1. Could you tell me whether Q54 is surrounded by 11 or more Cβ atoms within 10 Å (Cβ to Cβ), part of a helix (DSSP H, G or I) and over 10 Å from the mean Cα position of the chain (by Cα)?
2. If you scan the stretch 57-79, which residues turn out to be more than 20 Å from Y29 (Cβ to Cβ) and open to solvent by 80 Å² or more (accessible area, probe 1.4 Å)?
3. Among P67, P39, which is the only one that is in contact with a helix residue (DSSP H, G or I) (Cβ under 6 Å, 6 or more places away or on another chain) and under 19 Å from Y2 (Cβ atoms)?
4. Take D65 and decide whether it is at negative phi and either without any contact (Cβ under 8 Å) to a residue 12 or more places away in the chain or not aliphatic (A, V, I, L, M) (or both).
5. Whether any residue in the stretch 8-31 is touching a residue at least 60 places away in the same chain (Cβ under 8 Å) and of a type in the set (G, A, S) is what I want to check.
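The values are calculated or read from the model by the stated rules, or taken from the named source; none is laboratory data. Owing to the predicted nature of the structure, the values given are computational and were not obtained by experimental measurement. Note that we place each Cβ from the backbone using ideal geometry, even for glycine, and neighbour counts take in every protein chain shown. All accessible areas refer to the heavy atoms of the entire protein, side chains included, with ligands and DNA or RNA removed. Shrake-Rupley method; radii C 1.70, N 1.55, O 1.52, S 1.80 Å.
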Amino acid sequence: KYFVTGSSGAPNIPELFGVLMVDGIQMGYCDVSKKILEPRQEWAKKILEKHPEQLGWYKSKCFEDQPNFFRELISSLKQQF
């Protein structure tokens, strides 16, 4: 499961953050406002160390793709409502 929450101008709430869960265990965390992307399990850390291209892909999703998508979505919703 992948949970993503976005906000627009809410104090003390990140603009966007996400959590990846597998079988109820947190595997990774992304906080765009604090520029944090971290695996939460040792085996995941080892995989990303061995395959830095995967880390690059996750960074792109966390810090570029998802924030841009949410900014556009929030902007569209503001215009509609």
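1. Details: surrounded by 11 or more Cβ atoms within 10 Å (Cβ to Cβ): yes; part of a helix (DSSP H, G or I): yes; over 10 Å from the mean Cα position of the chain (by Cα): yes.
Judged against the criteria, Q54 is a match.
2. Let us first name the residues in the stretch 57-79 that are more than 20 Å from Y29 (Cβ to Cβ), namely 71-79.
If the condition is that a residue be more than 20 Å from Y29 (Cβ to Cβ) and open to solvent by 80 Å² or more (accessible area, probe 1.4 Å), then R71, E72, K78, Q79 are the ones that fit.
3. Working: P67 fails: in contact with a helix residue (DSSP H, G or I) (Cβ under 6 Å, 6 or more places away or on another chain).
After ruling out the rest, the residue left standing is P39.
4. Numbers: at negative phi: yes; either without any contact (Cβ under 8 Å) to a residue 12 or more places away in the chain or not aliphatic (A, V, I, L, M) (or both): yes.
Yes.
5. Taking the stretch 8-31 first, the residues touching a residue at least 60 places away in the same chain (Cβ under 8 Å) are 8.
Subsequent filtering for residues that are of a type in the set (G, A, S) retains 8.
Among the residues of the stretch 8-31, at least one is touching a residue at least 60 places away in the same chain (Cβ under 8 Å) and of a type in the set (G, A, S), which makes the answer yes.
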